[in-house]
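All remarks here apply to the structure that follows.
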C-alpha cells in the first residue's frame, strides 16, 4: 500500500502540477505581503480571479492581453531554440507598429487587402529590426544581448520622434495638447471584433494559427531542424553542413517578425492608432519582456506558449483588477508578477529531482534500467 | 504531450474555481449614497507631478464635501499602458461609479469606445479638449490645463532673475503638456527680455533622473543661472541645482516642489483640479453627464503661482510675476505660444 | 552675456566631468556582472538589484544622516538579492535568462513598494556623498575639475577596475572563477567547488549592482525616484559583452557610452540642428558601431548560462 502511494506520488503526470504549485507558492508569499499592507488577501485574490475570468468581458480582456504575449512568445521560441537571446522584442514590436500604422495612414488600401498588407509590412518591419542584431551577431561577432538592448532604446526614441512629429495626428498637432499619437486608421484597417462590446478581436485567430505554423516550422521542416540543431550544438551543425551564421540571422529575423506583427495587431485590433506616453513601455506595455517569460513558461514550445500566454494575460489583467479593489499600490502587482516568474522557473529543478527519484526507484525495483527516462535538453 | 496535460489541468482547475467564485458579484449600494468617483492615472500618486495633482485634488474635494461618507473615491495608478487603463475604465463604469476620470490624455481613444456603452455614467478625460460630442458621445467631459500661462509667468520671473542672461529648460519629450508649458515659458522670457538666451535639453523619457541631472549641469556649465523643467525626472535636475549653493535658481511646475530645495526655488505653478472637479460634480448631480470642455487657468484659479516666500531674491521677480498674472487674467497678455 | 562656445575648454571639461560621473553606476554594476558571467552565470536582474540598492542607500542615509551606513545597508540588500539569484540559478539550476528577468521585475516592484510605504514622496537629501576636492590635484587646470572633484563613489568605481583586473588575473580566486566559467567539469576534477565559486561571484554581482544603485541615489543625485535607473542595469549587462568580459574593456565601454551621452546633452544645449530624439540615440548607436569596428573574435565564457551538474 505504502509502495503504491509512493509510486503514485512519483508519477510523471504529477510533474505537470509543479508550475501550479509554484504559482500558488508565489501567491502565498504575496498574501503575506498583502497582510503586511493591511489588505485582505482573500478579497484581493478573489478580485484578481474575477477580474481575469469573472465575466465575458474579463475573459475577453485576458485573451486580448494574451495575443501580443503569444505572438512575441512564438518568435522567442524560434530564437531561443537557436540559442539566440533576443531581448529586443520591445523594439521590434515598436518598429512593427510604426511601420504598419504609417502604411495604414498613407495607403487608402483596397479593403481587406490593405489590412493584410499592413499586417505583413508590420511583420517585415519587426523582422528587419530583428535581422540587424542577427547580422551583427553572425558576421561581426556582436553579442545579441548587447545589440538588442541598444536597439530597444533606439526604437523608443524613433517612436517618440515619429509620434511627436511626422506621424502625429494633425488634429493633435494643432491643439494645445499635442499628444504623441497618430491619427485614427480608416475603417478598412480595423481587425474584426469577435464579441462586441468586448474588445476581443480577430488577432487572436491570427496568433493561434501562427502558433500552429511555428510548430510545424520548428518540428516538421528542414529549416526548423537546422535552427534547432544550431541551438543544440553549433559546432556539430557546422560539421553537418549547416550554415550556422545564416540560421542565426534567420532565427532573429523570424523572432523580430513576430514581435513586429504583435505591434501591428495591437494597433489594428485595439486602438486603431499608435499611442505612447513617453515612457519606454508606453506603447508595448512591457509585452517584449513578458513575451520572453511566456515562451519559456511554455517550454519554448509554440503550442505550450498558447496556455502560457493565456495564463500571463490572466495574471496581468487580474492583477490590475486587484489593484482597483484593494487599492494596494500598483507596485505590489509588479512584485507578484516577478515572484511568479522566479518561483515557476525555480520549480523546474523539482521535475529533474523527481525524474532522478523515478530512475532510482526503477533501478531498485526493476533489474533493467528504464529506457524511457531521457533527460530533457536544457533550454536557454 | 505532458505540457498539454499540465496546462489543461490548470485550466480545468481555474474553471472549477471560476464556478465557485462568480456567484457573489459584489455591488455597492446606489442612489442617495455618497458620490462615487474612480480615477485612472498614468503614473504614481506620489510623482510630485501630473498624477499627484489629481490625487491631491480628490483628497481636497473629499474634505470639502464632508469626508468619505459624502464623497468616495478610488484610483488605479501607474496605468501607463493604454490597454490596462481601458480595462480599468470599463470596470469602474460597470461597477456603477458616478464619475469615472480618465486622467491621461493618451486614454482618449479607449474612452471614446467605452463611454457609449455606459450612457448613465459620467466620464471626465484630461488633459484634452476632446469631448467626442461631435461624434455623438454625450457623457464625456474634457478638461485641460493652460499650463502655458504658468509657463509664461515663470518665464517672466526667470527673465527678471537671471544675471547671466541665460536660462535653461529640462524637458522629457517634446510633446503634450510639457511642450505647452515650455513654449509658454519661452514666450514669457522673450517678451520680457529678448536678449536672453534660452537653452533646451530633452532627456527622452520621464524616468531618467540621472540624465535630468546631467542636463541641468550642462545648462549650468553653459552659463545658465535660472532653470525650469517638467516631468517626473526633474527631481534630478533640482538636486543638481541645489548643489550649486544658491548660484542657480529653479522654478517649478505641476505641484509645489519648494521643499525639495527651499533655498533656490523661486515659485511653482500648481495645478488645482478642484476647480474643474467641483464644476463637473455639480453638473453630474444635475444629470448632465458630459459634453463640455473645461479648462483650468490662472483666471479661474485652477492654476496658481505659489511663491516661495522664504526665497531671498523673491522681491526682484514677484512684482513682475504678479503683473503678468494680472495681464493674463484680464487679457492684456496673450500667453498662447 | 553669450553662452560659452561649444568648442571651448569649459564645455569639453563639462562633457568629460559629466561622462565620468555618469559612468560610475555602470562601472559598479558591469564589473559585478562581469564576475558573474566569467564564472558562467548570466544575471539579467541587475536593474532590479540596482533599484533595491538605490532605495536602501537613500532611505538609510535619509534616516541616519550617514551615507556610509546607507552604502553598507545597500550592500547587505545586494547580498540578499545576489544570494536569492544564486540559489535559483545555481542550486535550483533555473534557466538563467528568465530567472534574471524575474528578479528584475521583483526588484523594480519592491523598491517602488518600499518607497511608497516608507517615504511616500520624493525627498532630497543633503547628507549624501558630495564632491570632494582632492588636495593639490583638484587645483590642476582642466584635469583637476574632470578627475579630482568627483564624489567618493566615483573614485571607488574607477579604483574597482584595476582591482577587478588584479583579482581576475593575478589571484587563485580569479583563476578559479575563470576555470569554472570555461570548463566547470575540469575545474571540478581539480578540486574546485564550482557551486561555491558561482555563489561567490553572483552574490558579489548583487552587491556591486546595489552599490551602483547607491552611487546614483546617494552620490550622483541625492534623490530617490521610482524606477530611477531607467534601464541602466540592462546597459550594464550589455557593457560586459562590449568589454569582452575584461575589466578594462568594460571601463572603455562605460566611458564611451557615458561620454557620448554627456556629449549629446551638450549638443542639445548648443542647439545642434537635429531633433533631440536622434541625439539621444547616439550613445546606443555608437556603442554598436564601435564594437563592430574594433572587436576581434572575442569568445564568451564557454559555460555561460550552463548550470553545472556533476556527472
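Nothing in this text is a laboratory measurement; each read-out follows from the coordinates by a stated rule. Note that the structure is a prediction, hence the values are computed from the model and not measured. Cβ: placed from backbone, ideal geometry, glycine included. Neighbour counts: every protein chain shown.
Mean projected area of the Cα convex hull of segment B:283-337, taken over all directions, amounts to 6.1 nm². Residues considered: B:86, B:221, B:321. Largest GNM mean-square fluctuation over chain B, using C-alpha springs under 10 Å, is found at B:221.
By the compact-protein rule of thumb, 2.2 N^0.38 Å, the alpha-carbon radius of gyration of the protein assembly as shown corresponds to a ratio of 0.92. Run the Debye formula on the Cα coordinates of segment C:20-294, all scatterers equal and no solvent, and tell me log10 I(q)/I(0) at q = 0.09, 0.11, 0.13, 0.15 1/Å. For segment C:20-294, the Cα-only Debye profile gives -0.42, -0.63, -0.87, -1.12. Here the translational diffusion coefficient of segment A:72-171 follows from Stokes-Einstein with Rh set to the Kirkwood radius across Cα pairs; for 4 °C and 1.567 mPa s it amounts to 90 µm²/s. Taken along its principal axes, the alpha carbon cloud of segment B:188-232 reaches lengths of 33, 20, 13 Å, longest axis first.
Between residue C:190 and residue A:232, the FRET efficiency estimated from the beta carbon spacing at R0 = 25 angstrom works out to 0.35. In percent, rounded to a whole number, the relative contact order of chain B is 17, using alpha-carbon pairs under 8 Å and six or more apart. Gyration tensor analysis over the Cα atoms of segment A:23-109 returns equivalent ellipsoid semi-axes of 36, 21, 12 Å (largest first, whole Å).
The convex hull built on the alpha-carbon positions of segment B:144-287 has an orientation-averaged projected area of 9.0 nm². In terms of overall dimensions, the C-alpha atoms belonging to segment C:160-311 reach 62, 37, 27 Å along their principal axes, ordered largest to smallest.
Taking Cα atoms only, the orientation of helix C:232-242 departs from the longest principal axis of chain C by about 70 degrees. Of all the options A:218, A:353, A:194, the one that moves most in a Gaussian network model of chain A with Cα springs shorter than 10 angstrom is A:353. Based on the Kirkwood radius over alpha-carbon pairs, what value in µm²/s does the Stokes-Einstein equation return for the translational diffusion coefficient of chain A at 10 °C and 1.306 mPa s? My calculation gives 71 µm²/s for D.
Here, segment C:1-126 has an Rg and a Dmax of 18.3, 65 Å when only alpha carbons are counted.
Would you look at the GNM of chain A, springs on alpha carbons closer than 10 Å, and say which of A:222, A:62, A:294 moves the most? It is A:222.
Report the percentage of all Cα-Cα pairs in segment B:223-337 whose separation exceeds 20 Å, rounded to a whole percent. Percentage above 20 Å: 52.
Applying 1/(1 + (r/R0)^6) with r as the Cβ-Cβ distance of residue A:225 and residue C:183 and R0 = 30 angstrom yields a FRET efficiency of 0.55. Look at where the Cα atoms of segment B:97-137 and of segment C:155-170 average out, and the two centres are 58 Å apart.
In segment A:179-293, the inverse of the mean reciprocal separation of distinct Cα atoms equals 16.7 Å; this is its Kirkwood hydrodynamic radius. With semi-axes defined as the square roots of five times the eigenvalues of the C-alpha gyration tensor, the equivalent ellipsoid of chain B measures 41, 25, 17 Å, largest first. Summarised as an ellipsoid, segment B:85-213 has semi-axes of 39, 16, 10 Å, derived from the eigenvalues of the Cα gyration tensor scaled by 5 and square-rooted, with the largest first. Helix B:314-330 axis versus longest C-alpha principal axis of chain B: approximately 60°, rounded to the nearest ten.
Return one number: the angle in degrees, 0 to 90 and rounded to the nearest 10, between the long axis of the Cα atoms of helix A:287-297 and the longest principal axis of the Cα atoms of chain A. Helix A:287-297 sits at roughly 20 degrees to that axis. Inter-part distance, segment C:177-222 to segment A:228-245, computed on C-alpha centroids, equals 31 Å. Taking only the alpha-carbon positions of segment A:111-165 and ignoring solvent, what does the Debye formula give for the base-10 log of I(q)/I(0) at q = 0.13, 0.24 Å⁻¹? Computed log10 I(q)/I(0) values: -0.45, -0.93. Extending 7 Å from Cα along the Cβ direction at residue C:274 and again at residue C:167 yields two label points whose distance is 3.8 nm.
By the Stokes-Einstein formula, at 1.306 mPa s and 10 °C, segment A:102-258 with its Kirkwood radius over alpha-carbon pairs has D equal to 86 µm²/s.
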